[in-house]
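The values are calculated or read from the model by the stated rules, or taken from the named source; none is laboratory data. Note that the coordinates shown come from a computational prediction; the quantities given were computed from them, not determined experimentally. Glycine also receives a Cβ, built like all others from the backbone with ideal geometry; neighbour counts cover every protein chain displayed. Quick note on the areas: whole protein, heavy atoms, side chains included, nothing else; ligands and nucleic acids left out. Shrake-Rupley method; radii C 1.70, N 1.55, O 1.52, S 1.80 Å.
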Amino acid sequence: MAEQQGREPECPVCWNPFNNTFHTPKVLDCCHSFCVECLAHLSLVTPARRRLLCPLCRQPTVLASGQPVTDLPTDTAVLTLLRLEPHHVILEGHQLCLKDQPKSRYFLRQPRVYTLDLGPEPGGQTGPPQDAGPSPRSLPIPIPSHYSLRECFRNPQFRIFAYLMAVILSVTLLLIFSVFWTKQFLWGVG
């Protein structure tokens with residue numbers, strides 16, 4: 001969506017400003033842009049999950065079999081206007097997931113994974129709805145990556161660091177044992 005009178009561009013459904021995380025602007029076939037969170041909610045409640053109707057003009061956008069809404073094209077014009085680089089957000093079941101790769105020279109920094117729960121499974125509620133009042137907007141919660149060790153070993157800088165540490169440890173152990181054996185040999189002879 002175009003910028004309106006000096007305000008940041010926002011999703012026309014939830015009115016949240018677009019960003020490069022869970023409010024990444026995604027473009028439907030009708031060229032209207034919505035945040036990925038709203039489109040994910042829409043795809044989860046739509047009976048025909050392969051067709052999304054645009055909330056503004058009702059034109060359908062057909063998704064390929066098994067294609068999540070996160071694979072829709074990103075509105076790069078909006079991100080360029082906001083001076084942001086797109087992140088890769090994926091939809092796993094009823095959660096949006098974002099893996100944040102920190103741009104740093106320090107190669108041992110673990111990536112952070114943020115998730116956003118989109119709500120319970122349809123029909124998964126087993127009782128009367130809870131009246132707990134208005135729930136606060138759920139914020140991304142960092143959780144450890146399930147594949148962090150495997151991804152560390154794919155990092156060439158980490159491999160070099162691991163090999164150097166193995167060599168240093170081996171040399172240190174060799175020196176300790178050689179000093180110990182030398183003392184045993186000298187004390188045993190004398």
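For the range 63-73, the tally of residues that are under 14 Å from Leu28 (Cα atoms) and open to solvent by 40 Å² or more (accessible area, probe 1.4 Å) stands at 4. Look at Leu81 and say whether it is open to solvent by 60 Å² or more (accessible area, probe 1.4 Å) and at pLDDT 90 or above. Criteria not met by Leu81. Just one of the listed residues (Arg50, Arg83) is under 27 Å from Arg112 (Cβ atoms) and of a type in the set (Lys, Arg), namely Arg83.
Checking each residue in the range 12-42 for being free of Cβ contacts under 8 Å to residues at least 40 places away in the same chain, under 15 Å from Gly119 (Cβ atoms) and surrounded by 15 or more Cβ atoms within 10 Å (Cβ to Cβ) picks out Cys38, Leu39, Leu42.
Confirm whether Pro9 is under 18 Å from the mean Cα position of the chain (by Cα) and either open to solvent by 40 Å² or more (accessible area, probe 1.4 Å) or in contact (Cβ under 8 Å) with a residue 24 or more places away in the chain (or both). When the stated conditions are applied, Pro9 does not pass them.
I'm trying to understand the selection: among the residues of the range 44-62, which are touching a residue at least 40 places away in the same chain (Cβ under 8 Å) and crowded, with 16+ Cβ neighbours inside 10 Å?
Step one: filter the range 44-62 for residues touching a residue at least 40 places away in the same chain (Cβ under 8 Å), giving 44-45, 55-56.
Once the filter is applied, which keeps residues that are touching a residue at least 40 places away in the same chain (Cβ under 8 Å) and crowded, with 16+ Cβ neighbours inside 10 Å, the range 44-62 yields only Leu44.
If the condition is being more than 16 Å from Pro12 (Cβ to Cβ) and part of a loop (DSSP other than H, G, I, E, B), then the range 38-78 contributes Thr46, Pro47, Ala48, Arg49, Arg50, Leu63, Ala64, Ser65, Gly66, Gln67, Pro68, Pro73.
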